[in-house]
1. Name the residue farthest towards the positive end of the dipole of the range B:10-103 from the options B:L51, B:H10, B:N30, assuming +1 on Cβ of Lys and Arg, -1 on Cβ of Asp and Glu, about the Cα centre.
2. Over every pair of different alpha-carbon atoms in chain B, take the mean of 1/r and invert it; report that Kirkwood radius in Å.
3. With a point put 7 Å past each Cα toward its Cβ, work out how far A:V54 is from A:A70 in nm, to one decimal.
4. Residue-wise, which Karplus ³J(HN,Hα) couplings in Hz belong to the range B:14-27, taking 6.51 cos²θ - 1.76 cosθ + 1.60, θ = phi - 60°, and x for glycine or proline?
5. Roughly how big is the protein assembly as shown's charge dipole about its Cα centre, with Cβ charges of +1 (Lys, Arg) and -1 (Asp, Glu), in debye to the nearest 20?
6. Sort B:S59, A:S74, B:S108 so that the residue with the fewest other Cβ atoms within 10 Å of its own Cβ comes first and the one with the most comes last.
7. Taking beta carbons within 10 Å but only from partner chains, what does the mean come to for residues A:29-42?
8. Among the aspartates and glutamates, select those whose C-alpha is under 15 Å from the C-alpha of A:K71, and discard any that sit fewer than 8 residues away in the same chain.
Amino acid sequence: GENVEQHPSTLSVQEGDSAVIKCTYSDSASNYFPWYKQELGKRPQLIIDIRSNVGEKKDQRIAVTLNKTAKHFSLHITETQPEDSAVYFCAASKTFGNEKLTFGTGTRLTIIP
Amino acid sequence: ETGVTQTPRHLVMGMTNKKSLKCEQHLGHNAMYWYKQSAKKPLELMFVYSLEERVENNSVPSRFSPECPNSSHLFLHLHTLQPEDSALYLCASSLGGSGNTIYFGEGSWLTVV
C-alpha cells in the first residue's frame, strides 16, 4: 500500500519568514495530494491540494509543489503569521476515491512573534 | 463550518463498557469515514462507507463496529476496548469519487480506563 513520510515533525519560524514542509510518497500511481491544517483542538481542514497533472499550485500565501519523478511534494507558506501555527498533514491517494487517502504523520508549525 | 457533527465530544469508558460514537453530516455527501488520530501517528483510516455500503475496513479489531443506517449518519459502536484505543476519533464525509475534499468533524476524544 501507499506510504507517506512527512518532515519535519516540528518546525518553528519567525513571523514573516517562510515555512516549508516536505512529504514523500511510495506509490507512483498516487495522483491526488491534499494538505490539511489542524489547529489545536479543532478538526483538520483542507487548505490546498494538487493533482498530478500540474507541478505547482498557489493560493495567496500558500503554495504546493509536486515532483512526480522524485515522488515528493511540498507545502510552502510565505510571510507567516501567528494564525499559521497548527499541525499540517499531507496526504496522497489514487484517482479512484478518497478511501485510499493516506496521511503523513504531521508537522507541528509554530510561528514565533 | 458545522457540516459534520460528532457526539459526544468527550467520552470516558471502562474496558467492559459498551458505548457508541455518532456522526451526522449535512453536506449532501455520499461517503463517510471513521479515522483514528493518536499522538505522533498518522491519521489512520478505519472504515469507509460509500452509498451506505462498507467499502473499506483496514484490519480494525472487531471491538470497533461501524454502522451506517443512511448517507447522513454514521456510528461507531465500541465494546470491550483497551487502554491503547484511547485516541481522537474523527468522522469525515465527502462526495464519492476522485479527489473530492474530505470534510472532518470536530472529533470525539475517547479515553479508555
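1. Toward the positive end, the furthest listed residue is B:H10.
2. Working: mean 1/r = 0.0716 Å⁻¹.
Averaging 1/r across every pair of different Cα atoms and inverting gives 14.0 Å.
3. Simple spin-label model gives 2.1 nm for this pair.
4. Per-residue couplings from phi come out as x, 5, 9, 6, 10, 9, 9, 9, 10, 9, 9, 10, 10, 10 Hz.
5. On the way: 22 positive and 23 negative charges, 63 e Å.
The dipole magnitude comes to about 300 debye.
6. Values: B:S59 5, A:S74 17, B:S108 23.
Fewest to most other Cβ atoms nearby, the residues stand as B:S59, A:S74, B:S108.
7. Values: counts 0, 0, 2, 3, 1, 3, 0, 4, 0, 6, 0, 0, 5, 3.
The mean count of partner-chain Cβ atoms within 10 Å per residue comes to 2.
8. A:E2, A:E5, A:D27, A:E56
Values quoted throughout were computed directly from the atomic coordinates according to the rules given, and no laboratory measurement underlies them. Bear in mind the structure is a predicted one, so any value in this text is a computation, not a measurement. Virtual Cβ from ideal backbone geometry, glycine too; neighbours counted across all protein chains shown.
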